[in-house]
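Please read the structure below before turning to the comments.
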Amino acid sequence: MKTRAVVSLSRRDLLKAGGALVVTFPFAPMLFAQSRQAQPGPPDANSIDSWIAIHSDNTATIYIGFAELGQGCSTALLQFAAEELDMDMQQLRTVGLDTHVTPNQGGTYSSSAMRRGGPQVQRAAAEARQALLSMAAEQLAEPVENLSVDKGVVFIRGSNNPALRYGDLVGDRQFNITFTGSAPLKDPASYRVVASPLPRHDIPLKAKGTYPYMQHQRLPGMLHGRIVRPPGQSAYRHGIQLVSLDESSIDGIDARAVVKGNFVGVVAQREWDAVRAAAVLQVEWDLPATLPGNDNLFSRMQAAPTNDRIARDEGDVSLFDTAAVKSVFSATGPYQAHVPFAPNCALADVTENSALVLCSTQDVYGTRNNIAGLLGLEPAQVRVQYHEGAGTFGHSCWDDVAQAAAVMSQHVGAPVRVQFMRADEHGWDTYGPAHIGRMQASADAQGKLLTYEYEGWQHHWSLVDTTLQTANGVAASEWPAMAAQQINPLVLGGMYNIPNIKLLNHHVDGLDYLKGAWLRSPLDLSFTFVSEQCIDDLAWQLGQDPCEFRRRNIRDDRWLGVLDAAAQAAGWQSGPAAANLNNDDIVRGRGIGLGTHLASWGGAVADIEVNKRTGQVRILHLYGAIDAGLTVNPSNVENQITGQLVQTASRMLLEEVLFDQYSVTSTDWNSYPILRIMDCPQITPVIVQRKNEPPMGAGEEVMAAAAAAIANAFFDATGKRMTMYPFTPARVLQALA
Amino acid sequence: MAQQQAFILNGVETAVASEADTPLLYVLSDELALQGPRFGCGLAQCGSCSVLLDGVEVRACVTPLSAVLGRDVRTLEGLPSLYAETAGLDEVPEYTPLQTAIIEEQAIQCGYCYNGMIIKATELLNNNPSPTEAEVRAALNGHLCRCGTYPGLIRAVLKAAGSGGELA
Ligand code: FES
Ligand code: FES
C-alpha cells in the first residue's frame, strides 16, 4: 500500500514539531562566506571538493548551485547535507552563487531546486561521509561498521568517548576523490533533519533589515546608472528606435548620457542625479502602431498563421459526436507581469578583458554567456554573482538590467550600478504570454469521461533581452519549443483516465506581440481556467458532485491524494454545483480544481463571494494541497503554498497587462494593481507528505488548481461561467447579463 | 558642498551633505548606507521606503531632505532602541516583539517588503496596542507584498499585540 499521510499542519503543530524556533541563527552572518580560491568555473562536478569543504573547526561549507529566491531552498538543501553527513544544521553553511565558486546545476527553474538539486547535494554528502568514515577507520584501525557519527564526531561503537572529528580528518584540505554517486543513502524512515519544519536561516536577517539584497551592493568608484526608454514596450520585433537625443536637456544636472545604438542610459556620481537626469533627458522615439491593443489581441492571435504540433493523441475523439453528455468551452488568459516588489538591480565592473557582474539571475552560468556575448568577451573572462532581490517568480528583468549595467560600465570605464525604475520593470518585463484555449469534452451517462480535445494558442518566450537588442542590434527572436511554453499534457487532462484524447498546440510567432517569458506556473492558470471549467460543466450537466465526478475519473493515487486533501481540509459537502442560485445581490459559491506544472500534484478548493450588482468578486478562503513527494521542509512548503494561493487570487481578480496599439500602458502599481492585504483571503495550506517518493517542486504546483477552483466557485455562485480573467467588475457584469 | 544640515536619525543628531531637494530615501541609503528603507517604486505606491517621521509613517522616496531637517527620523535599524525607550528597558534588545513574532511565524519570503511592513505595523502598535485583525489589515493596506505573505504577517502582528496570533 502506498503511504498517503495527509498532514495539515497548524501553526501550533509546527511549533511543536520543530521544537523552539530559534530567534538567532549563529551561522547566518557567514552565509556568504567565500571560503575557497575563486577561479573561473564551473568547478568540476565530478569532484567531491566542488560540492563540500570540511573545515578544521568541524564545520562544513556546502556549495550549492541554486538561487535562494526567498523560497527557503538554501535551508532545505542544507537539510539534505546535514542528514547524509550526520552533522547539525548549525555546523553547515553555504555560499552565494558565483560562477567562480559554485557548481553549475543549471538554472533555478521549474521548481528544480529540490527535484534536481536535492538528490545531487544528498549524494555528494553521502559520498563525503563514506570517504570520511574510511579515513577514520584507517586512522583508528577499526572496521567502518564499528563507527558511528554524531554532529561530525566519530565514535567507536560501544564507547561514549569521541574518537575523532571530521575536522581532524580533512580540516580545510581537499578530499581529492571522484564523485561517483554510488555511496548508499540513508533510509527515509531514519530521517532526523530532512522532512522537519526547520526555521529558515535567512529570516532573522530579513526581519532585522541586515540581509544584503542586490539593491544594497556597492563597489568602490561606482557610478549610478538609469536606463532611458519609452515608458512601455512596443512589439518585440520593433524593440526601441531612437530618433534623436538632446543632451543639453540635462545640462543643469551632474550626469551624462550613455548612448550605444538604440540603447540610452545616464550615469551620475549621485543616485538622485541619475534619477532626475533619466526623467528629464529629452529623447525622441519612433513609436509606430505595432501592437493589436488589448481589444484585438485574441482575434489577431487566432487569425495568425501558426506552427502546429500534436502534443497527445490517443483513441478516437470523434466519439464526442455520439456521447451522452457534451461540453464545449473556450476561454482566454491575459498577459501577466512578474513585477517583483523591487525592480531589478545590477552592478557591473567591466574592463578591457574582464567583467564582474552582480545581479539577481536565476542562472549565473546562463547570464555569464549572455554578458560575454554582449561585451565581446570569453565566458571565462566574465564572473557573475547572484544576490537576492525581491521575489521574482520567473524571468523578470534581471538579465536586461545586468546587460544595461555591463553596457554602461564598458562605455564609461567605471563600475556602474543600475536600478530599474518602476516603469522600467513594469513596462519592459518579459510577460507571461496570453493564451487562447478551445476545448470540447464528453462523458457517458454514468459520468465516465469519454473524449477530451484541446487546442491552445500562444507564443514562445523571448530569447534576446532589450539591452542586447538595442545596444548590439541583435534581432528579436524566440526560444525554441520546450515543454513549459506549450500546451501541457500533465495539466490538460493528465489527471484523468480519458480513453480518447487529443491536444493540439498552435504556436503563434511572438515577434509582433509583447515580450514573453516564464511566469510562475507558466500558462497553467490559463490551461485549467479552460479545462477544469469544461470538466466541471460535464459534472453539472450530469447533476453530479464535481468532486465525486473527478474522483470517478481520477488517474492515480497521487492525484486522488491532493483532491481528497483539499476537499477534506475545506469540509467539502457533496452535491451538484449551482444548486442554490437565488436573487440576492451578494451570493457565495464554492469550487474545486486540480492542476500542477511539470511535476508534483495540486488540488484546491475556493470559497468566493460575488456582488451581482457591482460585479465585485471577493475570494474568501482558498485551500490548497500539494504532493511534492518527499517534502524536505514542511514549513517552507506551507509558506510556498500560501504565497501561491495569494498570488493566484491576485492573478484571477486583478492582473492584466494593458496596452494600446503603440505600447504597454501598465507601468506602475496603479495601472497594474496586485492584491492588497484587505482583500487577502483566508488561506489553508495542506501538504501531502510522501517520505518514500523523490522530492519534487513545490513552488508553483497548486496555482493552476486554485485558478480553476476560483472559476468553478463563480459558476457555483451564479450559474454563469467566466471566459476571461481577471474577473474585473465589467467582465463579471457582462457574464451575468 | 551643501551647507550643514541635520536631523535626528534613530535618536542621534546626524549631519548630511546631500542637496536639500534629494528624496530622503537616497540620503539614507547612499550617503548614510542604511539598509532598512529601500527603493521599490519611487512613487509612494508600495511602502518599501517607509520610515517614521516624528512617529508617523512616511514614504522616504517622495519626502525631500528639506522636509525632515531638525526632525526625528526612525528607520528599521532604530526600532529596537525605540522599543527599549518606550518599554523602559535598560538594554536595547536585538529584535522588537514584532520582529520576534515575524521570525517565529516564519512569515517572510523574499522579505524585501518587510521594511515597510515592520515600520507600518510598529506605527499601528504604538497607536493601538491591541488591534483587531480588521484594524491590522486596514493599517497595512497601503503596503504591497508580491510574495503573498499577508496571512503570516497578520498572524505575526496579532501575536506581537498579544492577541494570540490566530486569524479570526
Ligand atoms: S519606494 Fe517609496 S513607496 Fe515605493
Ligand atoms: S516577502 Fe517578498 S515582497 Fe513581501
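Details
- Failed criterion for A:GLY413 (all others in (1) in the same structural domain as A:TRP540 (by TED's automatic domain parsing); (2) over 30 Å from B:CYS49 (Cβ atoms) hold): (1)
- Check on B:LEU124, open to solvent by less than 10 Å² (accessible area, probe 1.4 Å) and out of contact with any Ser or Thr (no Cβ under 6 Å at 6 or more places or on another chain): no
- Residues located in the range A:669-692, provided they are facing chain B (nearest Cβ under 10 Å) and either open to solvent by less than 30 Å² (accessible area, probe 1.4 Å) or polar (S, T, N, Q) (or both): A:TRP669, A:ASN670, A:ILE674, A:LEU675, A:ILE677, A:CYS680, A:PRO681, A:GLN682, A:ILE683, A:THR684, A:PRO685
- Flag for B:VAL27 being facing chain A (nearest Cβ under 9 Å) and of a type outside the set (Asp, Glu): yes
- Of the criteria (1) more than 9 Å from chain A (Cβ to nearest Cβ); (2) away from ligand 2 (no atom under 16 Å from the Cβ); (3) touching a Pro at 6+ places or on another chain (Cβ under 7 Å), which one B:CYS49 fails: (2)
- Contact map, the range B:16-44: first residue on the phi > 0 side of the Ramachandran plot, second residue assigned to a loop (DSSP other than H, G, I, E, B) and more than 16 Å from ligand 2 (Cβ to nearest atom), Cβ cut-off under 7 Å, separation 6 or more or different chains; pairs are B:GLY42/A:MET421.
- In the condition set (1) out of contact with any strand residue (DSSP E or B) (no Cβ under 8 Å at 6 or more places or on another chain); (2) open to solvent by 60 Å² or more (accessible area, probe 1.4 Å), A:ASP172 is compliant with all but (1).
- Among the residues making up the range B:30-43, those that are away from ligand 2 (no atom under 16 Å from the Cβ), facing chain A (nearest Cβ under 10 Å) and either open to solvent by less than 50 Å² (accessible area, probe 1.4 Å) or outside any loop (DSSP other than H, G, I, E, B) (or both) are B:ASP30, B:GLU31, B:LEU34, B:GLY42.
- Filter result for B:GLY148 (open to solvent by 50 Å² or more (accessible area, probe 1.4 Å) and on the phi > 0 side of the Ramachandran plot): no
- Count - residues of the range A:172-211 that are at the interface with another protein chain (Cβ under 10 Å from one of its Cβ atoms) and in contact with a His (Cβ under 7 Å, 6 or more places away or on another chain): 0
- Of the strands (runs of 3 or more DSSP E) lying entirely inside the range A:202-273, those containing at least 1 residues that are open to solvent by less than 40 Å² (accessible area, probe 1.4 Å) are A:223-227, A:255-260, A:263-268.
The values are calculated or read from the model by the stated rules, or taken from the named source; none is laboratory data. Given the structure is predicted, the values throughout are model-derived calculations rather than measurements. All Cβ positions, even for glycine, are placed from backbone atoms using ideal geometry, and neighbour counts span all protein chains on display. Ligands, DNA and RNA are stripped out before the accessible areas are found, and what is left, the full protein with its side chains, is counted by its heavy atoms. Shrake-Rupley method; radii C 1.70, N 1.55, O 1.52, S 1.80 Å.
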